[in-house]
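Step one of this worksheet: look at the structure below.
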Amino acid sequence: MNAPADIRARTNMTSKGQVLIPKDVRDAIGLVPGAPVDVGINDRGEAVVLPVVKPTVETPDERSARIMAAFDRARLKHRTGRSTADIMRDLRGDEPLP
């Protein structure tokens, strides 16, 4: 098998084209009974089975809150106590303004 994977298994296809996906493989990629899957062929000619991931529905307010929280985390992580002008002046090697 020429697939980059940590979990490998061999199975057979039925006369109806059905293939049993072993439990350890199903568990590893999050397949559950009755859930839809995408099946296709990748650019290397390999058959690929992926669970269909439902997009999460996010309201504009939730999105705004999530983005602002990320900005707040970044601001706290990189706090220097210096102004942007001071940092840029140091990076450029400029003389301080009078």
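Okay, here's what the table says:
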read-out	value
From phi via Karplus (6.51, -1.76, 1.60), per-residue ³J(HN,Hα) for segment 51-60 in Hz, x at Gly/Pro	x, 6, 9, 6, x, 6, 8, 10, 6, x
Förster radius 41 Å - calculated FRET efficiency between R79 and I7, Cβ distance, rounded to 0.05	0.40
Full-extension gain in nm, N42 to R89, via 0.36 nm per residue minus C-alpha separation	11.8 nm
Likely footprinting exposure, D6, D90, fewest C-beta neighbours within 10 Å first	D6, D90
Space enclosed by the convex hull of the alpha-carbon atoms of segment 1-93, per residue, Å³	247 Å³
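We did not get these values from a lab; they are worked out from the coordinates using the rules stated. In this text, all values refer to a predicted model and were calculated from it rather than measured experimentally. Neighbour counts are summed over all protein chains in view; Cβ atoms, including those assigned to glycine, are modelled from backbone coordinates with ideal geometry.
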